[in-house]
Amino acid sequence: MPTPRLLLAPTAVSLLALAPLGEAQELLIPESSTDRVMRFDARDGSLIDASFIDVRTSGTTVLIPIKAICVGDEIWVTDQVADAVMRFSADGTTFLGKLDAGLDNVRGIAAGDGLVFVANGGGAGPGTGDAIKVYDTSGNPVASYPAEEPYDLSVVGDEILVTNAIQHD
């Protein structure tokens, strides 16, 4: 399993996620003010679908979508205010469920080595706290690692690079 490593730099908000949908690489970009996930062509940047996932009509309440990634044949979208990871079908049309137990202030998400890593940045509920939460690709919890205000993360080789939301002078 990759090892979390905290980067001591304030985060740059990362809203882009390369998503292998079908044969082509596409970008999934959450747009928080309109509660949707847009889909762009990664080769030329052209807009493919402005409402690829329209969370207002998806059968769930998504308040502030932050990041979207492909996990197997699903799209997982983090929601900072709903304190959850929302799961959708690969075509974006069907809400499949959510991960929310022990999550609060969910921001970044990344996948690698058959696992999904979630930046959990809060402690308002039981079992929550600043941590990297680890799930298998079916959504089952695997592990949790303490991390100071994690915001986003990337899997690089056998490490997880974590940015935090703390402002350093």
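Only the coordinates and a few stated rules stand behind these numbers; no lab work does. Here the structure is a predicted model, which means the values were calculated and not measured. Cβ sites come from the backbone with ideal geometry, for glycine too, and all protein chains shown count toward neighbours.
So the values come out like this:
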{"read-out": "Amide hydrogen neighbours beyond the local backbone of Ile160, cut-off 5 Å, H modeled", "value": "Thr3, Arg5"}
{"read-out": "Asp113/Asp44 FRET efficiency (R0 35 Å; Cβ-Cβ; nearest 0.05)", "value": "0.70"}
{"read-out": "For Asp83, distant residues with modelled amide H under 5 Å away", "value": "Asn105, Val106"}
